[in-house]
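Here's the structure, in C-alpha cells; my notes come after.
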Amino acid sequence: MIDPNRIGAAGHSQGGFTALWLGGAKVNRDKFLAFQQGWRNNQQIPEHLRKELPLDPEPALNVKDARIKAVFAMAPGIIKAFGMDEAGLKQLDVPAYITVGAGDTQTPPAENAEFAANCIPGAELVIIPGAVDHEIVVNECDDEGKDEFPETCKDAPGVDRAAIHEQVGNAALKFFGAALGR
C-alpha cells in the first residue's frame, strides 16, 4: 500500500535531526564519540546509567535510509553537538526543508537550522518571524497542559500557535507534494 518511491521523513527537535540523518546527513566519528563521552562523564546522570552508555560511534555513522526521498525538519536539535558538521550535512542528497522559530531558545537558529540549511545542497530554510520558540509545533494545550507544562504550552504574546500549525502543515504538504509527487 505504500509507494516506496514516495517516502519522506519529518520531525521536530531531535526528530528533525533524525530526519536529516535518515536522509543522508552524517555525523563526524570523532565529534559523535566526544558527544557520547560527554554524557558518560556527566555527573548529573546516575553512575549505573553512565556505565551502560555506549562509547561506540560506529552505529551512528551510516544511518541513511535509502527509502527516504525527502526530509522536513522542524527546529532540528543540537546539530553540531551531535557531531554533524559541514562535510556531513553536505552528504544529504534528497530535498530538504528546514523551519524554525526566530525566537527558538532551545535550538537557536544560527547554530542549528541555519547552519544545516547553509550546508545542505539546495535546502530550503524558513524562519518563522517573531518570538516563536522551540515548542511552537507541539499541540495546543488545554488548561491542564498549561499548568503542567507551561514551558511547552505558553507562547509569547502575539504568537498564534494555531496559525503557525496551519502554516507549517501547509508548507509540509506543499514540500512533500513537490518533492515526492502527488
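So that you can scan it fast, the table gives a plain yes or no per residue for (1) farther than 20 Å from residue 71 by Cβ; (2) at pLDDT 95 or above:
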| residue | (1), (2) |
| --- | --- |
| 132 | yes, no |
| 138 | no, no |
| 159 | yes, no |
| 163 | yes, no |
| 179 | no, yes |
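Here is the figure for the range 1-37: residues that are among the hydroxyl-bearing types (Ser, Thr, Tyr) and assigned to a loop (DSSP other than H, G, I, E, B) total 1. Checking each residue in the range 125-143 for being over 21 Å from residue 87 (Cβ atoms) and surrounded by fewer than 19 Cβ atoms within 10 Å (Cβ to Cβ) picks out 126, 127, 129, 130, 131, 138, 139, 140, 141, 142, 143.
In the range 67-113, the residue that is most open to solvent (accessible area, probe 1.4 Å) out of those that are of a type in the set (D, E, K, R) and touching a Pro at 6+ places or on another chain (Cβ under 9 Å) is 67.
Would you confirm whether or not the range 12-20 contains a residue that is open to solvent by less than 70 Å² (accessible area, probe 1.4 Å), more than 25 Å from residue 133 (Cβ to Cβ) and at pLDDT 95 or above? No, there is no match, as no residue in the range 12-20 is open to solvent by less than 70 Å² (accessible area, probe 1.4 Å), more than 25 Å from residue 133 (Cβ to Cβ) and at pLDDT 95 or above. Just checking, does the range 67-78 include any residue being assigned to a strand (DSSP E or B), touching a residue at least 24 places away in the same chain (Cβ under 8 Å), farther than 30 Å from residue 37 by Cα and charged (D, E, K, R)? Checking the range 67-78: at least one residue is assigned to a strand (DSSP E or B), touching a residue at least 24 places away in the same chain (Cβ under 8 Å), farther than 30 Å from residue 37 by Cα and charged (D, E, K, R).
Is it the case that the range 1-9 has a residue that's in contact with an Asp or Glu (Cβ under 7 Å, 6 or more places away or on another chain), open to solvent by 30 Å² or more (accessible area, probe 1.4 Å) and closer than 29 Å to residue 99 by Cβ?
First, the residues of the range 1-9 that are in contact with an Asp or Glu (Cβ under 7 Å, 6 or more places away or on another chain): none.
No, every residue in the range 1-9 fails to be in contact with an Asp or Glu (Cβ under 7 Å, 6 or more places away or on another chain), open to solvent by 30 Å² or more (accessible area, probe 1.4 Å) and closer than 29 Å to residue 99 by Cβ.
The values are calculated or read from the model by the stated rules, or taken from the named source; none is laboratory data. Given the structure is predicted, the values throughout are model-derived calculations rather than measurements. A quick note on method: Cβ atoms are made from the backbone with ideal geometry, for glycine too, and the neighbour counts reach across all protein chains shown. For the accessible areas, the whole protein counts, side chains as well, though only heavy atoms, and no ligand, DNA or RNA atoms are used. Shrake-Rupley method; radii C 1.70, N 1.55, O 1.52, S 1.80 Å.
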